[in-house]
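Structure first, commentary second.
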Amino acid sequence: MVMNDIFACYHLPQEALDAHHSLQTLTFSLPKERAADQKTPSKVQLQVPVLTTAELEKVVQRIKQARSSYLARLSTGELVELIDEAVWKWLDSRYEWRQVAEEFLPVVTGYDREMIRLFLGRYLRRFRRESLLRIIDEDFPNPYVLDEFRPRRAGGMYRAYGPQLITHIFSGNVPVLPVWSIVAGLLLKSATIGKVSSSEPLFPVLFARTIAEIEPRVAETMAMLWWKGGDDELERAAFRQSEAVIAYGGQKTTQAIARKVPSGVRFVEHGHKVSFGVVTNEALQQTKVWDIARRAAEDVSWFDQQGCLSPHVFFVEEGGQISVKDFARILAQEMDRFERKMPRAVLSTAENQAIITKRSEAEFQSLHWGDTQISSGDELDAGADDHHPNDAETELHHSEQGTAWTVIYQANPSAFPFSVLNRMVTVVPIKCMEELTDRLKDVQHLLQTAGVACSPQKFHALIDILGRAGVNRISYLGEMSQPEPGWHHDGRFHLGELVRWCDVESTVERKMDELDPWRE
């Protein structure tokens, strides 16, 4: 289903939709080297409204009214069923909006078409009914507190109220991820203003349209809009009428937003974080190492490391059947294999130059140690120590042509080896797991996910080291980009952090009987 017309990329309540708005067109084009793919259009044009502050304020009032009259009166169970139905629609490859997403998102984001297709299914499956119930149960000991006052174990009663309005500032580095924030707002019975990203404005709009197909009255509580990032007037207008603001993005972006959020409005930021992998020596066996390397390569390559869940480095324990250097070489072959299957996005000149510079630094370090180890593509020969002497401090492996992928083996980095992203990763040998404590101490405030491949004998010791180091999520290698339902994003409750609690003390229950006119 190829569409060449301009696509209306916004969702507004009907009253606002009927009003006249100025419109702007956002144009996305595939680079020449990708334009030959006939399954994908070479250009996508998305039409977005340009709202004034007064128009945005009217939209806010409309969705808050719709929330009060309908959404706030729904039960949590009814909302779970609604979201579940929306997700099942998206899991059907024949669904209209799913087809639009698969056709347009490769052009809008630059990511591989097959990668987007697979991720849509894999990620959205995590929002089916059973998973939604787990998400709620994770934050609330009694999920009915979102619907009514419930008894407390300590006596009295309590209830949780979601914000009347949440403004979501979405990032565009990984498509589909905004669904988590949208779902959270719905489960809390909150009206939604979604400020879509200039680099990926499409998916939140399509998902809101699915909600409108199922229950238009709920869709009346949602608005998915584009405006230029940093527009002070529009952002302040949205923030001052919100009870909560959730922002995704880099440190500068979230700090700038924080300065605009009024006192008394809850601000939840999900800023820049880094992730890494750990491989213990039990995984470095002939029968297991290729699968471990394949999983590691997938974690690096999904969405070109643009998400906070993507690893920058793998710390690999020495002492296995396979050397850490050979693991780096095998990882390079798996990176090459993934690239052939799902090519990386075409980069800007600056992004390419950053990779070239990093490669040059690694090459210089190899020369400095008097043992240049550089291989590319099909030249890799894992285990061939006659070609790769074991005393090299640095080895560089990279794609045969261009900057598609890079693996650097570095024995003694002076600091945490941050990646410049776009499928560049460093392999660092460690003598034991306890060494991680020192390796991670300078980045403790930035840590997000650790992907691990370890034996059961080392499991408890390893997760304790990682937890104390600052990691807030530990997954198996190959699963880093797929967090489970209810995970504590950035180490915090998500739903629970947004609600307001009302406690009714036990004294009310005890004393009210004295005023009962039927009491004898």
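Quick look at the values:
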read-out	value
Residue within the range 457-465 that is without any contact (Cβ under 8 Å) to a residue 60 or more places away in the chain and surrounded by 17 or more Cβ atoms within 10 Å (Cβ to Cβ) present	yes
Output for the range 51-68, where each listed residue is in contact with a Lys or Arg (Cβ under 9 Å, 6 or more places away or on another chain) and among the small types (Gly, Ala, Ser)	Ala66
Residue within the range 93-105 that is in contact (Cβ under 8 Å) with a residue 12 or more places away in the chain, more than 25 Å from Thr27 (Cα to Cα), among the hydrophobic types (A, V, I, L, M, F, W, C) and part of a helix (DSSP H, G or I) present	no
Extreme residue, nearest to Phe127 (Cα to Cα), among residues of the range 466-482 that are among the aliphatic types (A, V, I, L, M) and surrounded by 19 or more Cβ atoms within 10 Å (Cβ to Cβ)	Met480
Test: residue in the range 484-506 that is acidic (Asp, Glu), more than 17 Å from Ala297 (Cα to Cα) and assigned to a strand (DSSP E or B)	yes
Condition met for Arg209 (closer than 25 Å to Trp487 by Cα, in contact with a strand residue (DSSP E or B) (Cβ under 8 Å, 6 or more places away or on another chain) and among the basic types (Lys, Arg))	no
Pair list, Cβ under 7 Å, 6 or more apart: the range 467-480 residue on the phi > 0 side of the Ramachandran plot and modelled with pLDDT of 95 or more, other residue part of a helix (DSSP H, G or I) and among the polar types (S, T, N, Q)	Gly470/Gln444
From Gly156, Gly110, residue being surrounded by 15 or more Cβ atoms within 10 Å (Cβ to Cβ) and in contact with a helix residue (DSSP H, G or I) (Cβ under 6 Å, 6 or more places away or on another chain)	Gly156
Qualifying position, being in a helix (DSSP H, G or I) and of a type in the set (Phe, Trp, Tyr), among Tyr123, Tyr158	Tyr123
Of residues in the range 504-520 being surrounded by 13 or more Cβ atoms within 10 Å (Cβ to Cβ) and touching a Lys or Arg at 6+ places or on another chain (Cβ under 9 Å), the one nearest to Ala154 (Cα to Cα)	Ser506
Residue within the range 141-151 that is open to solvent by 30 Å² or more (accessible area, probe 1.4 Å) and touching a Cys at 6+ places or on another chain (Cβ under 9 Å) present	yes
Scope the range 415-443; condition touching a helix residue (DSSP H, G or I) at 6+ places or on another chain (Cβ under 8 Å) and open to solvent by 50 Å² or more (accessible area, probe 1.4 Å); matching residues	Ala415, Val420, Glu434, Thr437, Lys441
Count of residues meeting criterion [open to solvent by 10 Å² or more (accessible area, probe 1.4 Å), of a type outside the set (Gly, Ala, Ser) and outside any helix (DSSP H, G or I)] in the range 313-344	6
Failed item, numbered, when Ala54 is tested on (1) small (Gly, Ala, Ser); (2) under 17 Å from Thr192 (Cα atoms); (3) surrounded by fewer than 14 Cβ atoms within 10 Å (Cβ to Cβ)	(2)
Residue check for Arg113: under 19 Å from the mean Cα position of the chain (by Cα) and either modelled with pLDDT of 95 or more or at negative phi (or both)	yes
Neighbours by Cβ (under 9 Å, 6+ apart or cross-chain): first from the range 215-242, at pLDDT 95 or above and crowded, with 18+ Cβ neighbours inside 10 Å; second of a type in the set (Phe, Trp, Tyr) and in a strand (DSSP E or B)	Phe239/Phe267
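The values are calculated or read from the model by the stated rules, or taken from the named source; none is laboratory data. Predicted model, so just to flag it, every value in this text is computed and none were measured. Note that each Cβ is placed from the backbone with ideal geometry, even for glycine, and that neighbours are counted across all protein chains shown. To get the accessible areas, we keep the full protein, side chains included, count just its heavy atoms, and leave off ligands, DNA and RNA. Shrake-Rupley method; radii C 1.70, N 1.55, O 1.52, S 1.80 Å.
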